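The values are calculated or read from the model by the stated rules, or taken from the named source; none is laboratory data. In this text, all values refer to a predicted model and were calculated from it rather than measured experimentally. Methodologically, a virtual Cβ is constructed for each residue, glycine included, from the backbone with ideal geometry; neighbour enumeration extends over all protein chains shown. Just so you know, the surface numbers come from the protein's heavy atoms only, side chains and all, with ligands and any DNA or RNA stripped out. Shrake-Rupley method; radii C 1.70, N 1.55, O 1.52, S 1.80 Å.
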Amino acid sequence: MAAAAAAQPRSSETFVDNKRKDDVRMANIAAAQSVADAVRTSLGPKGMDKMISTSSGEVIITNDGATILNKMEVLQPAAKFLVELSKSQDVVAGDGTTTVVVIAGALLKASLNLLMSGIHPTTVSDAVHKVSVKAVDILSAMAVPVELSDTESLVKSASTSLNSKVVSQYSTLLAPLAVDAVLSVVDPNNPDLVDLKDIKIVKKLGGTVDDTQLIKGLVFDKKVSHAAGGPTRVENAKIAVIQFQISPPKTDIEQSIVVSDYSQMDRILKEERNYILGMIKKIKATGCNVLLIQKSILRDAVTDLSLHYLAKAKILVIKDVERDEIEFITKTLNCLPISNIEHFRAEKLGYADLVEEVSLGDGGKLVKITGIKDMGRTTSVLVRGSNQLVIDEAERSLHDALCVVRCLVNKKFLIAGGGAPEIELSRQLGAWAKVLQGMEGYCVKAFAEALEVIPYTLAENAGLNPIAIVTELRNRHAQGEINAGINVRKGQITNILEENVVQPLLVSTSAISLATECVRMILKIDDIVTVR
């Protein structure tokens, strides 16, 4: 009996098994690291591209971190954090989507080593937060202010963003184009806000990326309706955007009309003609000579008969305008969409000098509207390319360049690129760690070293000796050359600002803040509960 009592542990003693919690953390960190390693090779101007093959057989070639991770089907919950991380960096800054994931991966690796040494996850997590706050201060101190009137600096930062893309050889054309596009949509009333929805990118197959152009006005990837020989060019255009159908009406419910003799049939056709003619007379009465007709689901937006009468009335017709384009079109033309023939009045029309169908050399056709009166603050970019893959990648790269310029409009500071800010952060945080006491200093030192992953990866992807380059870079920074960075083209270390490799401050600061936030989140998780 006594033996049995002795075998039972006393209730006051508690034993908590931490093994499982550690395992969950390790598994989360390992999964997140493997995602970071997958995109690490595509960092920087000499980074590799990824070919993504989707289940539907579509092929995408890109080295945009956000696109790669978006298409990856990640199942592990912690790894999904990194996918979301690159998405949020894409929303905040638009560029640096690969950088942010690589930094998060490196911080996680450092955290893993600290956890293995027996440091409590909360201590590590707090240290990550302190590093993030301090890093943003250091970066802000390094930044160089920039004015929006200084287009040269804006073009430099846009071309730095484009240099790491597949279409980098066209950066001399696309960078100034992106800067002009953003500056043309900045509203003087609130100059810090740029809505990229005001820049419409129209993709048209054919030609090369060199044929990409900025169009002050509207461009449609459509032909004019040629039925019944309508006009294809109209000067002094009065443009109406209509959301109703110029076709015989239908009833709302399914029904059938039984016609028993020819005279009734003739009456139906005559009524149809009169109905359509009545509509077209009302349109013509306002002096309108260009019609943009919204795509209709319920019935044909225009019939052959109505097109015939419209052509007789010398009205140019562009049909099948997508519903989501209506807002952009009306903003550009400074007109109102008309949803009913009864509301068709001259004051709702937009005015332009010229609407014409332009033939591109390779058989494609576009409709251009130029010389718009009182044009809204919008602009269109026509992107050309020899195949769909190139066009898609050119559009993504252009989006990144536009985002970079938008960042500079929001926060008018530039910072050196080429791994310079990361090494400087690493150096200053390392020095700061010596001042801190206890565990914190130890953790901060580990994270300071982790930030060297960016220059290390840049050198590695460029085929240089990463250890030699990073050591030399540290040495230069210790001597006070803040802007020394890796010049990938020359394969050595130079002053990166003089080489015009610059990026907006917002890209770097948001990359650090978002990466540290993500790492803290992963560190705080100690169990995964699956709910069926």
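Okay, here's what the table says:
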{"item": "The range 300-333: number of residues that are over 27 Å from the mean Cα position of the chain (by Cα) and not aromatic (Phe, Trp, Tyr)", "result": "19"}
{"item": "Given (1) in contact (Cβ under 8 Å) with a residue 40 or more places away in the chain; (2) surrounded by 16 or more Cβ atoms within 10 Å (Cβ to Cβ), index of the condition LYS250 fails", "result": "(2)"}
{"item": "Test: ASP374 is over 30 Å from TYR456 (Cβ atoms), part of a loop (DSSP other than H, G, I, E, B) and in contact with a Gly (Cβ under 8 Å, 6 or more places away or on another chain)", "result": "no"}
{"item": "Output for the range 207-250, where each listed residue is in contact with a Leu (Cβ under 6 Å, 6 or more places away or on another chain), part of a strand (DSSP E or B) and not hydrophobic (A, V, I, L, M, F, W, C)", "result": "GLN213, GLU235, LYS238"}
{"item": "Residue within the range 48-57 that is more than 25 Å from TYR456 (Cα to Cα) and either of a type in the set (A, V, I, L, M) or in contact with a helix residue (DSSP H, G or I) (Cβ under 6 Å, 6 or more places away or on another chain) (or both) present", "result": "yes"}
{"item": "Enumeration of residues in the range 442-488 that are without any contact (Cβ under 8 Å) to a residue 60 or more places away in the chain and aromatic (Phe, Trp, Tyr)", "result": "TYR456"}
{"item": "Check on SER397, of a type outside the set (A, V, I, L, M), open to solvent by less than 10 Å² (accessible area, probe 1.4 Å), assigned to a strand (DSSP E or B) and touching a Ser or Thr at 6+ places or on another chain (Cβ under 9 Å)", "result": "no"}
{"item": "Qualifying position, being among the charged types (D, E, K, R), under 26 Å from THR332 (Cβ atoms) and without any contact (Cβ under 8 Å) to a residue 40 or more places away in the chain, among LYS284, LYS204, LYS238", "result": "LYS284"}
{"item": "Residues of the range 118-167 classified as modelled with pLDDT of 90 or more, polar (S, T, N, Q) and farther than 15 Å from GLY417 by Cα, total", "result": "4"}
{"item": "Test for GLY491: is it over 25 Å from VAL405 (Cβ atoms), open to solvent by less than 50 Å² (accessible area, probe 1.4 Å) and not β-branched (Val, Ile, Thr)", "result": "yes"}
{"item": "So SER86, is it without any contact (Cβ under 8 Å) to a residue 60 or more places away in the chain and either more than 16 Å from ILE522 (Cα to Cα) or acidic (Asp, Glu) (or both)", "result": "no"}
{"item": "Any chance LEU425 is open to solvent by 30 Å² or more (accessible area, probe 1.4 Å), under 30 Å from LEU115 (Cβ atoms) and of a type in the set (A, V, I, L, M)", "result": "no"}
{"item": "Pairs with Cβ under 6 Å, 6+ apart, first in the range 34-57 and on the phi > 0 side of the Ramachandran plot, second among the small types (Gly, Ala, Ser) and open to solvent by less than 50 Å² (accessible area, probe 1.4 Å)", "result": "GLY44/SER164"}
{"item": "Breaking point among (1) open to solvent by 10 Å² or more (accessible area, probe 1.4 Å); (2) under 31 Å from the mean Cα position of the chain (by Cα), for GLU440", "result": "(2)"}
{"item": "Residue match in the range 45-54 (condition: among the polar types (S, T, N, Q) and over 15 Å from SER397 (Cβ atoms))", "result": "yes"}
{"item": "Test for GLU449: is it modelled with pLDDT of 90 or more and open to solvent by less than 10 Å² (accessible area, probe 1.4 Å)", "result": "no"}
{"item": "Test: VAL133 is closer than 18 Å to TRP432 by Cα, open to solvent by 10 Å² or more (accessible area, probe 1.4 Å), β-branched (Val, Ile, Thr) and without any contact (Cβ under 8 Å) to a residue 40 or more places away in the chain", "result": "yes"}
{"item": "Candidate set: the range 62-83, residues that are among the hydrophobic types (A, V, I, L, M, F, W, C) and not in a helix (DSSP H, G or I); chosen: the one surrounded by the fewest Cβ atoms within 10 Å (Cβ to Cβ)", "result": "LEU75"}
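Matching residues to (1) surrounded by fewer than 23 Cβ atoms within 10 Å (Cβ to Cβ); (2) touching a Lys or Arg at 6+ places or on another chain (Cβ under 6 Å); (3) polar (S, T, N, Q); (4) in a helix (DSSP H, G or I):
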position	(1), (2), (3), (4)
ALA459	no, no, no, yes
LEU464	yes, no, no, no
LEU473	no, no, no, yes
ARG476	yes, no, no, yes
ILE482	yes, no, no, no
VAL507	no, no, no, yes
ALA511	no, no, no, yes
THR516	no, no, yes, yes
